[in-house]
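The values are calculated or read from the model by the stated rules, or taken from the named source; none is laboratory data. Keep in mind that this is a model prediction, so the values were computed, not measured. In this analysis, Cβ positions are derived from the backbone assuming ideal geometry, glycine residues included, and neighbour counts consider all displayed protein chains.
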Amino acid sequence: MKNFKYFFILLLGFSMVGCSDLVEEPVGLLAPDGFFQSTADIQTAVDGAFTHAINEKFWGRKLSIALMLRSDMVDLASNETRRVEHNEMTTLASNGMISEFWPKTYQGIAAANQAIAGAELVNAADAIKNPVTAQAYFIRAFYYFHLVRQFGAVPYIDGPITDAEAAASMVRTPAAEVYANIISDLEYAKTWLPNTQPSRAIPAKSAASSYLALVYLTMGDYQKAYNEAKEVIDNAGTYDLALEPNFQNLFDASKIDASKEPIFSLDYNNVEAPDNAYDQIAPMTGIRGDDRNAGGGWSVAVPSLAVYETWPAGDYRRAVSLDDEASIGGVVVPYTNFVISGHQFAKNQPYIAKYTRFPGAFARGNARATSSNHSMMRYAEVLLIAAEAAVELGDNASATNYINQVRARARMGGDTETGAGTPVTVPPSTVPADITGTVTVADVLEERRYELAFECKRWYDIARRKIGAEVFGASGLEGAKPDFTTDDYLMPLPADEIERNTNLSQNPGY
Amino acid sequence: MVILLFSVSLFAQDGIAVSGKVTDTGNLPLVGVNVLIANTTTGTVTDFDGNYQLKVDKGDELVFSYLGFVSQSITITDQTTLNVTLVEDDQVLDQIVVVGYGSVKKSDVTGSVSSVKSEELTAFPVLDAAQALQGRAAGVVVQSNNGGEPGAPINIKIRGNTSISANSSPLIVVDGFVGGSMPQANDIESMEILKDASATAIYGSRGSNGVVLVTTKKGKSGKLSVELNSTYAVQNTANKLDLLNASEFADYQNQIRANNDVSTPYPQGTADTDWQDEIYRTGNTQNHQLSVSGGSDKMNFYVSGNYFNQDGIVVNSGFERATFLSNVDAQVSDKLKLGLNLFGSRGTKDGVTTQSDGSVTVGGDDVISLAMRFAPDKPIQDENGNFTTNDAIGDEVDNPYAVATERVDETVSDDFRANVYANYDILESLTFKTTFGLSSENETRGIYQPSTLKITAGGVGGRARVTDAKRTSVLSENYLTYNTDIGKGNLTLLGGYSYQKNTTEAFAAAGTGFLSDAFSYYALGTATNPLQPASSLSEVEIQSLFGRVNFDFDNKYLLTATVRRDGASNFAANNKYAVFPSAALGWKISNEDFLINSETISSLKLRVSYGATGNPSISPYQSLSRFASLYASRNGQTVFAITPDQPANPDLKWETSYQTNFGIDLGLIDNRINLSLDYYNIDTKDLILGNNGIPEYFGFASDEILTNLGEINNSGIEIALNSKNIVDGDFRWSTDFNLSKNKNEVVALINDADLFGNAAPSYFSHDRSYVLRVGEEVGLFWGYDYAGVFQGGDAPAGTQTLAGGVAGDPLFVDVDGNGEITEADRTIIGNPNPDFTFGFTNNFSYRNFDLSIFFQGSQGGDIFNMTNVQLNNGDANTTRDYFNNAWTPSNTNTDQPRVGNNSNREISSRFVEDGSYIRLKNLALGYNLPLGVVESLGLQNVRFSISAQNLLTFTDYSGLDPEVNYFGASGDNNTSSNTVQGFDFGNYPTVKSVNFNLNVKF
């Protein structure tokens, strides 16, 4: 019998490892249940929605570069097919840039939807929580406004997915409906956002109004566009807005945050965040072999020579927007010798300077991950929206007033430096700043082209005004683009997305 | 046998004292041979030198028996010295084969099980014993994750891929410990590979990828045995690419520029560097093992220590590991046996990232590919002593020598496992076994990219990252085994309960901007830019009930049935428990009356089995609704934010494989020829598919949103042939051959729509390089169908160039016939799945010499040569073959398009090649010192051997190595080895190795 005692010891041993109910209890993981308790929790979801916009897949590179390349202001110095497809208007539904910014945009929307739905659960007074929730409405409108301009009709999702089966087989929401929803979101934002915010990267009332103006302008509802823009201009003091006296400061990371001109900007800081959630526009537009920015640039998005040559030299903005001189391998060279770097894709053309000249602190070589808060909407654009709408409404006096404010700043001259660090003083222009007589739509579009050059606005202008045949003709800045057709005003929905939901139709021409 | 040992009384009778020595046919002493007086319990065992001594009476019959040898009976007349030579038992069928929760005689196996013996595992030195399985067992495919890289993970696949998105690696069970890390090859007694459902269903939800049972060596009763095994190997790359030198390269670049109307001449540097020569070196491996084993009648032990050190063939790469193993078993009483297995190891992998894992997106970290791509006119360092960069073509990257030597990447892994068991005989026929085990694996990886790497880390003053992962597993298993005879039948019943909990804790921290590169990754606190730290915890609990019935009737008819019920915490809420049954029948035809006396057929058995097994395939917390955390910026401050990550999925299920197996085991001429044939058919259902399942407009951050919608089928034939061609005399010859043919087919996908994936690095032009299509095999290459070079004028009917093509550009088949090459013209352009793979071994011995020749090969699989895509692109150096044969106006009769053509990095059939090969995997010559010499040295056995691996490869493949293994650089490389097959992109080449081995038994 003595052996049985061993047996009992064994049984005891194994019974110590008991049964489990096998229910998972995640520690350190974020579960939606019970997450939304306070206004701060809404803000945390809002911050997620805004952060998707700075990602490399959205403004950090893929979307911003695609928008630049599709325009007539930025040519391509690369043979990568996904970029060629945008530059040459030969875009396929499998394009490797669209397949990146399409999901990223919707991730931003989903985060905003989550914040809006979460806000319902937070027990706080409207006056406390709605100004926070309004940021989510604003950014949702911001994302859908990009989508509707890129693709036209898109699936419109306005809340967390509850019926996945239905959502997975939905059809595209008509563009008009998407626009109506954008306007409704922006109206909510305008109602609840405060007049000013601690940072221009957090939308204030003016951001909602300005975007409403641009949305109406895009829709061709010029009266409403004018009204919204005028409201911003008339309340510039309340909203703490003004034109920045020195145009260069708008593209200087150390000065932009103090400027009164930005209305809404993206919050970049020089952190090497995971998932490439940082800025890569500077290297994409930078000069090969450039001695600046720890490794120079990658010379991918480069304006054609015509952009520089047709830009009046007396316009201070040219000196700010383009580098026509650089230091390459220790040698200061004019743009006519930029190929001294020997790189295959180096071009003897002035390069975009708005991102590379004063990028501020950056976390990775080539001026990647800068702290430069790029403006998505600034006061000068609101003036130009007002001017364009006024032209359409036959109010030449207002149109002249607004466009000339922008032109005057551009012709004041100013101090800056070249890409090689050589100080440059552009004297006040001898050409009169003011347009007299009748301002035309073409005048305003041309002013937008210079004022907002390389800020990814031009393609949307071409598409909304349907001027592709003209700007991509033989006399265009990049010469003839024979593959351009009016179908190119909308991009193709990603091919794999249509495979996932076969009820989604494709845009014509793809 | 144990029972036999201890039932022997050690009291001897009065009478004659007989003594002698028991040896094998090679004159080696046999230790632990049972010497028993017939029909008594009186006897002894031979000692360490094979000697025995026993008092007997005249006329007694002495029986000498030893496992694996034919027993001998000798009647005592009046001799006092009786030396006996035992002959090895060719009746291999009566070997013991380890199966889940037990063991059976080989002749009684009803499932499909391959055994790999210790000699095969140690035929040449390997870091991971799994490597030694390659070509040794039918139906088993073994592949390094990165060629000859020291310390690269080894992938094992049994009977093809039974999954698409889940892990397809088999379950490894070491001495009963589920999920144990692989011991050193020299410590392994045998490996059993369980292939069909009858064998694996006892492992339930973890059985569908097959199970590898590893049994480590145990001590034997007798005197102390000490063995020293020492190997030194010299290694070189088996192959280099023939690339352009500096002046040819400048010429090539200028031609490209001319073809693209670029007037800037290529700025040729002053150097002429062969970057492959700069990064490759002669590597070496040493492996030393000392083991001590022995035991008494109550206790035995095996203890070993092993030291492995490899200097890789790429400068600065290496791996070092020390391993300890101890097995102790004690017969505490005649009913209770206790044992303890201990395993510990420390491995240090020294770092060169030879194949990009996508973590460095700019600057380059894939040294092998860099060495092929990098401009040959650049010196290693410029006149200022700075490392050069590839600054005139393509994306600027750091040079391969700088990346290999400057980048610090060190991984230290500590593994510890303890497993204690107790075996208690409740009744003679009823045994209770309980095991309790604990394992802990700690891995710390430190990476430092110094500021001397201009592109990767120059701008930020160095970048450091430290990651730490700790995995622990607790396992308790308890089961009863009951064995009884019922008439002519024998019944074995097994039933048990198992509980396992696996915990993984991980931590990572990183930063940039260090005062000095000298700090390496040990001064994260001084980073001027600390990056987002991360920590995580994941826990999985599995509790199971399992049972098995074995019934053997009249030694002719065999029945095996198993069942296991698994519950797992990682299973979704509505599907927490799963049941996996199996059944098998065996018929030993050769024991039937009509065959039992056959001269030719010495054994013949038919086997048939059917069963269901699972693949857990759901990661912890994967079925729960989740938010992801984001690193956000707010008002210039870094804050934490959230975004929807994945929806809840309470209905998610494991994947289930339903497998049918038919097998024949045939032994001819006293089992000198053994043939096993197996046919299997595996239907895997409820495959979990992610990624493309749910539209991206749902906006979830995770691309792993899963549904149980896929189905694939694998069917195949396995042949294993073993023949002892010459068995008598000084010269002996035996042959082992195995062949596996697997055919897989995608049966169902979501909406049966094609499922595309990408194995190409992110800078390739399109995001699709392979397809899963219903009715086709898994992982077919997807791209344009190349149709030769455009000669100008009108393109040949049915073909076209990409938009804007001119003479010299590639033509592609215009599949949809719309006159232009668009997305719709992409098609299936190759099949990476081999028709069959095989291994072929011949062993010869002549007196003290032995020779082993082992070929291994694969027939019929295609390779997509992405290395050539990159090298033909213009942004890189290229092969001399392409440069010399590319189309020019004066060289139009060629199938290679012009340099700098308009289809760069295009995925087309131009780069699909036949990947068939036959490889002389191992050639080994051994010599055993004559016994006389050995004895005069006071030793037991001395053996020298010299072997060479990968000496010869017969293949038409133009790349470095037909054993390719690129799993994609960005995100697709986790479990993508199921679908990403046959892609070659800068793999660490397989090495050619020559080994010198010394084995001494004291």
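Hey, which of the strands (runs of 3 or more DSSP E) in region B:27-73, taking only ones fully inside, have at least 1 residues that are of a type in the set (Ser, Thr, Tyr) and closer than 21 Å to B:Gln95 by Cα?
Working: elements: B:34-37, B:43-45, B:51-56, B:61-65.
Ranges flagged: B:61-65.
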Within region B:639-684, take every residue that is without any contact (Cβ under 8 Å) to a residue 40 or more places away in the chain and surrounded by fewer than 21 Cβ atoms within 10 Å (Cβ to Cβ) and give me the one that is farthest from the other protein chains (Cβ to nearest Cβ). B:Tyr679
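To keep it simple, each residue is scored yes or no on (1) modelled with pLDDT of 90 or more; (2) closer than 30 Å to B:Val994 by Cβ; (3) over 30 Å from the mean Cα position of the chain (by Cα).
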| site | (1), (2), (3) |
| --- | --- |
| B:Asn236 | no, yes, no |
| B:Asn260 | no, no, yes |
| B:Arg281 | yes, yes, no |
| B:Gln289 | yes, yes, no |
| B:Lys298 | no, no, yes |
| B:Phe301 | yes, no, no |
| B:Asn306 | yes, yes, no |
| B:Ala322 | yes, yes, no |
| B:Lys335 | no, no, yes |
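Hey, could you check region B:93-146 for residues that are basic (Lys, Arg) and within 19 Å of the chain's Cα centre (by Cα) and say which is surrounded by the fewest Cβ atoms within 10 Å (Cβ to Cβ)?
Just the residues of region B:93-146 that are basic (Lys, Arg), to begin with: B:105-106, B:117, B:136.
Filter again for within 19 Å of the chain's Cα centre (by Cα), leaving B:117, B:136.
Numbers: B:Lys117: 13, B:Arg136: 25.
The selected residue is B:Lys117.
Among the residues of region A:163-178, are any touching a helix residue (DSSP H, G or I) at 6+ places or on another chain (Cβ under 7 Å), modelled with pLDDT of 95 or more and either under 21 Å from A:Arg465 (Cα atoms) or more than 10 Å from chain B (Cβ to nearest Cβ) (or both)? Talk me through it step by step, then tell me what you get.
First, the residues of region A:163-178 that are touching a helix residue (DSSP H, G or I) at 6+ places or on another chain (Cβ under 7 Å): A:167, A:175, A:178.
Going one step further and asking which of them are modelled with pLDDT of 95 or more, we end up with A:175, A:178.
Narrowing the set further to residues that are either under 21 Å from A:Arg465 (Cα atoms) or more than 10 Å from chain B (Cβ to nearest Cβ) (or both) leaves A:175, A:178.
Within region A:163-178, one or more residues are touching a helix residue (DSSP H, G or I) at 6+ places or on another chain (Cβ under 7 Å), modelled with pLDDT of 95 or more and either under 21 Å from A:Arg465 (Cα atoms) or more than 10 Å from chain B (Cβ to nearest Cβ) (or both).
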Please verify whether B:Ser535 is small (Gly, Ala, Ser), touching a residue at least 12 places away in the same chain (Cβ under 8 Å) and surrounded by 17 or more Cβ atoms within 10 Å (Cβ to Cβ), treating the condition exactly as stated. no
Sort out which residues of region A:221-252 are surrounded by fewer than 23 Cβ atoms within 10 Å (Cβ to Cβ), farther than 16 Å from A:Leu452 by Cα and either among the charged types (D, E, K, R) or within 14 Å of chain B (Cβ to nearest Cβ) (or both), and write them in order of number. A:Asp221, A:Lys224, A:Lys230, A:Glu231, A:Asp234, A:Asp240
Look at region A:292-307 and say how many of its residues are within 19 Å of A:Asp252 (Cβ to Cβ) and of a type outside the set (A, V, I, L, M, F, W, C). 3
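Per-residue answers, yes or no, for (1) touching a Lys or Arg at 6+ places or on another chain (Cβ under 6 Å); (2) crowded, with 24+ Cβ neighbours inside 10 Å; (3) not hydrophobic (A, V, I, L, M, F, W, C):
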residue	(1), (2), (3)
A:Gln37	no, no, yes
A:Glu56	no, yes, yes
A:Ser64	no, yes, yes
A:Met68	no, yes, no
A:Val74	no, yes, no
A:Ala77	yes, no, no
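Output the helices (runs of 4 or more DSSP H) that fall wholly within region A:392-510 and possess 1 or more residues being under 30 Å from A:Ser265 (Cα atoms) and of a type in the set (Lys, Arg), or say none. If you could, list the steps in order and put the result at the bottom.
Details: elements: A:396-410, A:441-451, A:458-465, A:468-471, A:495-500.
By residue number, A:396-410, A:441-451, A:458-465.
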Of the residues that sit in region B:235-267 and are farther than 21 Å from B:Asn865 by Cα and acidic (Asp, Glu), which one is farthest from the other protein chains (Cβ to nearest Cβ)? B:Glu248
Check region B:438-458 and report whether any residue there is under 30 Å from B:Asp277 (Cβ atoms), more than 11 Å from every other protein chain (Cβ to nearest Cβ) and in contact with a Pro (Cβ under 6 Å, 6 or more places away or on another chain). no
Please go through region B:459-474 and pick out each residue that is aliphatic (A, V, I, L, M) and within 13 Å of another protein chain (Cβ to nearest Cβ). B:Val460, B:Ala464, B:Val474
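Here are some residues: A:Ala124, A:Ala66, A:Ala167. Which one is assigned to a helix (DSSP H, G or I) and either among the acidic types (Asp, Glu) or more than 21 Å from B:Gly804 (Cβ to Cβ) (or both)? Working first, answer last.
Numbers: A:Ala124 fails: assigned to a helix (DSSP H, G or I); A:Ala66 fails: either among the acidic types (Asp, Glu) or more than 21 Å from B:Gly804 (Cβ to Cβ) (or both).
Result: A:Ala167 is the single residue among A:Ala124, A:Ala66, A:Ala167 that is assigned to a helix (DSSP H, G or I) and either among the acidic types (Asp, Glu) or more than 21 Å from B:Gly804 (Cβ to Cβ) (or both).
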Scan region A:281-300 and tell me whether some residue there is charged (D, E, K, R), part of a strand (DSSP E or B) and within 14 Å of chain B (Cβ to nearest Cβ). yes
Go through region B:843-873 residue by residue and tally those that are under 23 Å from the mean Cα position of the chain (by Cα) and under 13 Å from B:Thr735 (Cβ atoms). 4
All conditions in (1) part of a strand (DSSP E or B); (2) within 14 Å of chain A (Cβ to nearest Cβ); (3) not aromatic (Phe, Trp, Tyr) are true of B:Asp329 except (2)
Suppose we keep only residues that are without any contact (Cβ under 8 Å) to a residue 12 or more places away in the chain and part of a helix (DSSP H, G or I) within region B:927-956. Which one would you say is surrounded by the most Cβ atoms within 10 Å (Cβ to Cβ)? B:Val934
Kindly list the number of the only condition in (1) away from chain B (no Cβ under 11 Å); (2) under 30 Å from A:Gly237 (Cα atoms) that fails for A:Tyr268. (1)
Of all residues in region B:500-558 being within 14 Å of chain A (Cβ to nearest Cβ), in a loop (DSSP other than H, G, I, E, B) and not aliphatic (A, V, I, L, M), the one that is farthest from B:Ile596 (Cα to Cα): B:Thr528
What single numbered condition from (1) more than 14 Å from chain A (Cβ to nearest Cβ); (2) in contact (Cβ under 8 Å) with a residue 40 or more places away in the chain; (3) not in a strand (DSSP E or B) fails to hold for B:Ser702? (1)
Selection within region A:254-311 - surrounded by 23 or more Cβ atoms within 10 Å (Cβ to Cβ), without any contact (Cβ under 8 Å) to a residue 60 or more places away in the chain and not charged (D, E, K, R): A:Gly289
If we ask which residues in region B:276-300 are part of a helix (DSSP H, G or I) and more than 25 Å from B:Pro379 (Cβ to Cβ), their number turns out to be 0
Conditions: (1) surrounded by fewer than 20 Cβ atoms within 10 Å (Cβ to Cβ); (2) touching a Gly at 6+ places or on another chain (Cβ under 9 Å); (3) of a type in the set (A, V, I, L, M, F, W, C); (4) outside any helix (DSSP H, G or I). A:Ala326 meets all but one. Number of the miss? (1)
